[in-house]
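J.: If you scroll down you'll find the structure; I have some questions about it.
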Amino acid sequence: MNIEGTVLVGPDFEPVEGRVLIEDGTIQEIEETETGSDSIVLPAFVNAHTHLGDSIAKEAGAGLSLDELVAPPDGLKHRLLRSTPRETKIKAMGRSLQFMEQTGTAAFIEFREGDVDGVEMMYEAAKHREIDPVILGRESEAAMQRADGFGASGARDGDFDQLRNATRRAGKLFGIHTGERDPTDIHPALDLSPDFIVHMVHAESLHLERVADMHVPVVICPRSNLVTNVGVPPIRELAKRTTVALGTDNAMTNSPSMFREMEFAAKLSDLPDEEILAMATRNGAEIAGLNCGLIEPGRDAKLLELDGDSDNLCYAKDPVRAVVRRAGHSDIKRVIL
Ligand SMILES: [Zn+2]
């Protein structure tokens with residue numbers, strides 16, 4: 001199988017006209033050649049932070065504060081999750097997964113509420129899909145054991161030392177929300193030596209130094225932060241110091257579209273577009289330990305083909321910039337997962 005056009009190759013997404021040769025789901029070679037194709041070929045996305053359980057309550061809770069909306073145990077989201085039948089929740093998550101596949105997402109890191117059964121529900125929703133779930137259980141060690149790791153709500157919600165150690169012993173991923181509402185839970189979160197942290201809206205200079213020293217990757221969710229009105233993460237400052245990936249956070253507050261998240265992150269930070277594309281692809285893959293997010297020989301062939309001659313993208317002078325700041329669902333020709 002081949003896919004051709006302007007291919008965004010390697011870690012720097014260098015535009016090369018040519019053909020990607022794929023065998024058994026793996027990229028074999030990128031052949032530089034004239035193709036006559038208008039397509040733009042890029043790695044499929046990795047959405048590095050989701051809560052898809054609340055797909056049952058899109059756009060609920062307008063005007064509520066962050067805590068009223070999502071804080072455990074009685075934020076609106078948790079009440080709605082408790083009162084919704086299991087089958088409905090699985091179906092709603094499945095619909096979100098389908099949308100994520102259609103919009104070019106190959107994998108996602110999900111913080112899954114609902115203990116062991118919550119994890120089981122996501123596996124059921126993803127069972128017949130091509131998208132790769134990386135599920136972090138919450139609430140108990142058993143949920144972590146059933147899943148790919150543990151996703152902690154935040155250091156002020158409890159003592160996570162034991163769970164952190166159990167997750168390490170199991171060789172699994174440990175992630176934690178921090179610095180979303182204010183900076184007070186950032187040092188306690190970093191004290192847990194997490195594999196990655198989420199948000200860091202309120203990171204101060206000492207926190208940034210620690211993140212750099214510890215090489216802790218950060219997942220940012222700028223659209224979510226705007227909806228909950230907590231501020232904007234210091235994207236440039238974080239990117240200078242560590243690996244930064246993008247996530248779309250709660251499905252109730254934002255559509256899980258990586259195109260939209262990239263556009264926001266790019267325009268808020270004005271970082272080079274290659275860096276933003278890395279946040280949406282290879283950086284998330286690196287955090288999750290996946291072999292995708294990059295077009296080079298030996299990588300999983302999880303790719304996205306855009307129509308560079310769509311009404312939206314035609315006459316674009318810079319393919320990477322056009323992908324990051326302009327492209328969307330309607331430009332997709334093919335998603336290969
Ligand atoms: Zn979250």
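J.: Of the conditions (1) touching a helix residue (DSSP H, G or I) at 6+ places or on another chain (Cβ under 9 Å); (2) on the phi > 0 side of the Ramachandran plot, residue 315 clears all except one; give me its number.
T.: Among (1) touching a helix residue (DSSP H, G or I) at 6+ places or on another chain (Cβ under 9 Å); (2) on the phi > 0 side of the Ramachandran plot, residue 315 violates only (1).
J.: Can you name every residue in segment 136-157 that is more than 15 Å from the ligand (Cβ to nearest atom) and more than 13 Å from residue 111 (Cβ to Cβ)?
T.: Step one: of segment 136-157, the residues more than 15 Å from the ligand (Cβ to nearest atom) are 140-148.
If the condition is that a residue be more than 15 Å from the ligand (Cβ to nearest atom) and more than 13 Å from residue 111 (Cβ to Cβ), then 140, 141, 142, 145, 146 are the ones that fit.
J.: Here's a follow-up. Can you find a residue in segment 21-30 that is under 25 Å from residue 279 (Cα atoms), more than 16 Å from the ligand (Cβ to nearest atom) and open to solvent by 70 Å² or more (accessible area, probe 1.4 Å)?
T.: yes
J.: How many residues does segment 77-110 hold that are of a type in the set (D, E, K, R) and in a strand (DSSP E or B)?
T.: Let us first name the residues in segment 77-110 that are of a type in the set (D, E, K, R), namely 77, 79, 82, 86-87, 89, 91, 95, 101, 110.
Narrowing the set further to residues that are in a strand (DSSP E or B) leaves 110.
So the answer is 1.
J.: Now for a separate question. What do you reckon, is residue 219 under 18 Å from the mean Cα position of the chain (by Cα) and open to solvent by less than 10 Å² (accessible area, probe 1.4 Å)?
T.: yes
J.: I've got another one for you. Checking the conditions here, which among 269, 257 is farther than 25 Å from residue 190 by Cβ, more than 16 Å from the ligand (Cβ to nearest atom) and among the hydroxyl-bearing types (Ser, Thr, Tyr)? Walk me through it before giving the result.
T.: On the way: 269 fails: farther than 25 Å from residue 190 by Cβ.
Only one candidate passes the filter, namely 257.
J.: Here's another thing I want to ask about it. In segment 77-120, what count of residues is obtained for those that are more than 15 Å from the chain's Cα centre (by Cα), among the acidic types (Asp, Glu) and crowded, with 20+ Cβ neighbours inside 10 Å?
T.: So the count comes out to 1.
J.: For residue 37, indicate whether it is more than 24 Å from the chain's Cα centre (by Cα), away from the ligand (no atom under 16 Å from the Cβ), open to solvent by less than 60 Å² (accessible area, probe 1.4 Å) and not β-branched (Val, Ile, Thr).
T.: So residue 37 fits the description; yes.
J.: Among the residues of segment 40-76, which ones are surrounded by fewer than 14 Cβ atoms within 10 Å (Cβ to Cβ), touching a residue at least 40 places away in the same chain (Cβ under 8 Å) and in a loop (DSSP other than H, G, I, E, B)?
T.: As a first pass, look at segment 40-76 and keep what is surrounded by fewer than 14 Cβ atoms within 10 Å (Cβ to Cβ): 59, 62-63, 67, 73-74.
Still in the running and touching a residue at least 40 places away in the same chain (Cβ under 8 Å): 59, 67.
The one that is surrounded by fewer than 14 Cβ atoms within 10 Å (Cβ to Cβ), touching a residue at least 40 places away in the same chain (Cβ under 8 Å) and in a loop (DSSP other than H, G, I, E, B): 59.
The values are calculated or read from the model by the stated rules, or taken from the named source; none is laboratory data. Note that the structure is a prediction, hence the values are computed from the model and not measured. We place every Cβ from the backbone using ideal geometry, glycine too, and count neighbours over all the protein chains shown. Please note that ligands, DNA and RNA were not included when accessible areas were found on the heavy atoms of the full protein model with its side chains. Shrake-Rupley method; radii C 1.70, N 1.55, O 1.52, S 1.80 Å.
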